[in-house]
Structure formats: C-alpha cells, structure tokens
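Here is the structure we will look at, set down as structure tokens.
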Amino acid sequence: QKEVEQNSGPLSVPEGAIASLNCTYSDRGSQSFFWYRQYSGKSPELIMSIYSNGDKEDGRFTAQLNKASQYVSLLIRDSQPSDSATYLCAGGTPYSSASKIIFGSGTRLSIRP
Amino acid sequence: SQTIHQWPATLVQPVGSPLSLECTVEGTSNPNLYWYRQAAGRGLQLLFYSVGIGQISSEVPQNLSASRPQDRQFILSSKKLLLSDSGFYLCAWSVGGEVSPLHFGNGTRLTVT
C-alpha cells in the first residue's frame, strides 16, 4: 500500500514564528508533491507544488523536497492566525494519462496570538 | 479560467437508498477527474479517477460506482447506501495528460441515517 505519512498534530506555533510541517512517502515512483490547506468544513486549496529536489519559495511559503530520503516539508514564515488550518501533503505517481494522487491524513496547525 | 461545480452541497439519505452526486468542470478540455472521500477528522481517500469519457479506474472496492458520460462530467453513484458511506465527498480535476495538481470542488457532505 502506497502511503503518505504526516504527523496529525496539533502543531501549535506562536504568531510571527516559523511553522514547519513534515511529510514522508513510501512510493519511490512518486514524481510530484503538493501541499494543500483545508479549513474546517471546506475543501482543500492548493498552496504549493514541487517536482524536483530542493527548495521552492512562494511568498511566506517554502516547500522542500528530498527524493533520496522520500521527505517533503512545508515552512510557513511569519505565521498568521489565518494560517490555522489542516495541511495536507500529497504525492502524485504517473499512471496512464493521469496521476494517482495520494494524500496524507493532514497536520492540524494552530497559530496562537 | 477553469471552474468546477459540485452538487448538492449537503445530503441526508437513509440507509439503503440510492445516491447520485454530480460534478462538472468548465473552461478546460479532457481533464482528469477524481472522486475522493474524507471521513470526519481523516485524510482524503481516493475512490475513482478518470482520464477520459467512459474510462474509470476504481481504487477502493465498495458499493460505490462512478461514470463519466461526457468529457467534463463525473458522477458518483450507489444503489444502496451504507452507514459507512457518510463523509465529505470531493470532486477534483487536473490537467489531462500530465502530472499536475488537483483542483477541488466545494464538496458534498453526505450523512447516511
């Protein structure tokens, strides 16, 4: 069974600090990785995509990928109360003309004032 | 721009009743289409995905089925609902023919009583 693993949290971070979210995956065929944010009762929204080893930055968000270690992370700088949500890590494996995208169970992040 | 519509938003159905959830995508052609289910407090479980009309891949054997009668229409069905079918059902699309992120609809919250 191909899996994506995340610490369920909750992860509590003071406002203005850096939040660090981690994810590991078991399928070495996975080529693409995504971070989604999900507010309670809402559908997931895409934050970051990362396809190659290294760091990718977008505003306050930085995604990091290490394929050798099968490890993906998301850093959120200058954390804001609006960042309080569940963060889902997902890995995509090419299959036919699509990609099977498997999600972790999510990490609940709480930003405390 | 692309948009995805999913309905209904909420649904309460008795055990043993049929189910039909519909999803349509606008603004793109030949998308990959997906159905996920999220149980309360859990991650997203991939149910079905489709790379084209009439092409359905099932990930989890269960009493659900999916159909794609038109290029941008994806339907999730059941002949007889079980209590365990309760959950948050999410339709998503991605660009066809490549590994790309998912974009989700607003979801359907199904309660089976």
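The values are calculated or read from the model by the stated rules, or taken from the named source; none is laboratory data. Just so it is clear, the model here is predicted, and its values are computed rather than measured. Methodologically, a virtual Cβ is constructed for each residue, glycine included, from the backbone with ideal geometry; neighbour enumeration extends over all protein chains shown. These accessible areas exclude ligands, DNA and RNA; they are computed on the full protein's heavy atoms, side chains included. Shrake-Rupley method; radii C 1.70, N 1.55, O 1.52, S 1.80 Å.
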| field | Selected residue (only one of A:SER73, A:SER12 is over 14 Å from the mean Cα position of the chain (by Cα), more than 10 Å from every other protein chain (Cβ to nearest Cβ) and over 20 Å from B:LEU90 (Cα atoms)) | value | A:SER12
| said: Restricting to segment A:27-63, name every residue that is open to solvent by 60 Å² or more (accessible area, probe 1.4 Å) and either in a loop (DSSP other than H, G, I, E, B) or aromatic (Phe, Trp, Tyr) (or both). | reply: A:ARG28, A:GLN31, A:TYR39, A:SER40, A:LYS42, A:TYR51, A:SER52, A:ASN53, A:ARG60
| request: For residues that are open to solvent by less than 40 Å² (accessible area, probe 1.4 Å), within 13 Å of another protein chain (Cβ to nearest Cβ) and either in contact with a Leu (Cβ under 6 Å, 6 or more places away or on another chain) or assigned to a loop (DSSP other than H, G, I, E, B) (or both), tally how many sit in segment B:48-86. | output: 3
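Restricted to segment B:97-113, and to residues that are outside any strand (DSSP E or B) and surrounded by fewer than 18 Cβ atoms within 10 Å (Cβ to Cβ), which residue is farthest from the other protein chains (Cβ to nearest Cβ)?
Only one residue tops the list, namely B:THR113.
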| task | List every residue pair whose Cβ atoms lie under 8 Å apart, where the two residues are 6 or more positions apart in sequence or sit on different chains, the first residue falls within segment B:22-42 and is away from chain A (no Cβ under 13 Å), and the second residue, located anywhere, is among the aliphatic types (A, V, I, L, M) and open to solvent by 10 Å² or more (accessible area, probe 1.4 Å). | result | B:GLU22/B:ILE75; B:THR24/B:ILE4; B:VAL25/B:ILE4; B:GLU26/B:ILE4; B:THR28/B:VAL95
| request: Return yes or no: is A:GLN6 touching a residue at least 24 places away in the same chain (Cβ under 8 Å) and surrounded by 15 or more Cβ atoms within 10 Å (Cβ to Cβ)? | output: yes
